[in-house]
Amino acid sequence: MILVSDFLDKERMKKILNLISISMAAIFLNACSVEQSVDGGDGLRGLMAVEVLTDGALADDHIHTARFIVFDDASVFPSVDINKMMTLENDDRDAKEFRTTLKVHCNPDKMLVVILNEPATLTGFLETVTAPGDLETVTYLMAEIFNENHTATLTKGIPMTAASYNISVTEENDTESKAARVEMEVKRAVARVELWLRTELPFQSEVGRSTAVTLLKSHDEGCLMAPDATRNFGYMQTVDAPDKEVSWSYTDTDPLKLADTLQFVCAFYTPERTCSAPGDADKLILDIRGIGTSDGTRNAVSTLSSFSTGGGPSQYITEIRRNNVYRISGVVRKQMVEFEQKVVPWTEVGQGVIIDPQYFLTVTRDNLYLPDDGNKTSITATTNYDRIDDDRGFPSGICLGETKYYDKTGQPEEDTQSSLYGWLSVTLGGVAGELVQEIEFSVSGTLNENEKGCYATAEVKAGNLIKLIKVKR
């Protein structure tokens, strides 16, 4: 038998349970709502217009890929808003700047990280980044980016990175014309060490097949992101006993006759790091062997310890910094080889000759990318060399010199029957002797996948001035 009092107790219990269920549902829904607002969910979005400056992209650092990572609440509890990678088309890879527009969540404390030409081995990790701190210790291997001599890139270009802070995007940034503007100048993840030589006439000297240059105390890995002390972000790596040695040898049949103006000989890439050990124990060293002279073979060694910047006095260096060019200029004299060391902007990379005070030779571009059969483009060359030098065989105005071919590893190609030889045509648009010339470059022939990345160098000349135009496929 069921008592009335029992029935009332049961009804009372049902009401209580119903109230508890409703309360729990409300709490659950509220929790979901809070979770969505933290993650961004379907919240308000705005546009971020990003302009990336590469400070002069060259053949070795054409832009192949670009990754954009945007963090919200970056200065407190950062979370990823977007993380996307784009691949640039062939025609855009030699751009010195490029723009893109990102659709992001509105937030007053955003951080943007740009990574260009990321090594393929890092892609998996970069796709899983959750906070800026994840990027601080990411390292790359030189072998993934450069040939075994560290003198040229492989197929994907030099990694470049940048970070921008304190970006605010609001709902008012809802059109491209009103987008939040962010301008970023990326830095290459490596430094470049260059050797230039000249002679003190009438002393005769040359670089030939017996000439070899070795960079000692380099390293085989580096940090992907640039350190930023003001943000307490990243670090400058220290290598206790750097022992990586990479070498370059002159392979052309004809020797490079040294003149009284500096001529580019070779260059190496090296990771950013400290170099402050006592007694220059961790300083980079250039060991040069086999310079031919009228007095016999000459050897020389230069320790990279003191550099001048912008014409100022030399200063002792304690770091090899990314995106810097450490230029060693040597003068081969009868008694010795004397060196001068300077740090110069990356935009000065790639020129064949330093221009003397009296005459000049300029070109609008010295690095071209023409990957496919039938591709063509033009540059303009200008000079004031308006005299004929019969003694040295120099005509007036602009003329063309040799065209040389190389495979993708930088090894010269001399087999005239090879598909890597003879694919470039270079022609002057005007008549001989003109001081301003339009020069056309066109390519013919199809390459297979293993041959892509090869290149040619074409000489544009005026007197003893030479510009090397690099054409990559």
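Only the coordinates and a few stated rules stand behind these numbers; no lab work does. Keep in mind that what you see is a predicted model, and the values were worked out from it rather than measured. Don't worry about glycine lacking a Cβ; one is built from the backbone with ideal geometry, like all the others, and counts go over all protein chains shown.
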Inset, instruction - Please arrange S305, S218, S314 by counting, for each residue, the other beta carbons lying within 10 Å of its beta carbon, fewest first. - result: S314, S305, S218
Inset, instruction - Name the shape class, rounded, prolate or oblate, that the alpha-carbon gyration tensor gives for segment 179-283, where a ≥ b ≥ c are the square roots of its eigenvalues, rounded holds for a/c under 1.5, and otherwise prolate holds if a/b is larger than b/c and oblate otherwise. - result: prolate
Legend entry - Interatomic Cα distance distribution for segment 45-188, bins of 10 angstrom, percent: 12, 40, 34, 12, 2, 0
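Can you put Y406, Y269 in order of Cβ neighbours within 10 angstrom, beginning with the fewest?
Least crowded to most crowded, the residues run Y406, Y269.
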Inset, instruction - Can you tell me the dipole magnitude for segment 220-265 around its Cα centre, using point charges on the Cβ only (Lys, Arg +1; Asp, Glu -1), in Debye to the nearest 20? - result: 220
Inset, instruction - Check the straight Cα-Cα distances from K283 and name the lysines below 23 Å, setting aside those fewer than 8 residues away within the same chain. - result: K187, K217, K244, K342
Legend entry - Spin-label model distance (nm) - E338 vs T238, 7 Å beyond Cα toward Cβ: 3.7
Inset, instruction - Taking every pair of Cα atoms in segment 189-350, average 1/r, invert it to obtain the Kirkwood radius, and report Rg/Rh to two decimals. - result: 1.00
Inset, instruction - Please list, or write none, the lysines whose alpha carbon is within less than 23 Å of the alpha carbon of K257, excluding same-chain residues fewer than 8 places away. - result: K334, K404, K461, K467, K470
Inset, instruction - Would you work out the relative contact order for segment 106-159, in percent, from Cα pairs under 8 angstrom that are 6 or more residues apart? - result: 41
Legend entry - Along each principal axis, Cα extent of segment 416-473, largest first, Å: 40, 20, 18
Inset, instruction - On a C-alpha basis, how far is the centre of segment 259-303 from the centre of segment 142-172 in Å? Whole number, if you could? - result: 27
Inset, instruction - For K178, go through the lysines and keep the ones whose alpha-carbon is under 20 Å away, minus same-chain ones fewer than eight residues off. - result: K103, K110
Inset, instruction - Compute the separation of the alpha-carbon centres of segment 385-458 and segment 102-135 and state it in Å as a whole number. - result: 41
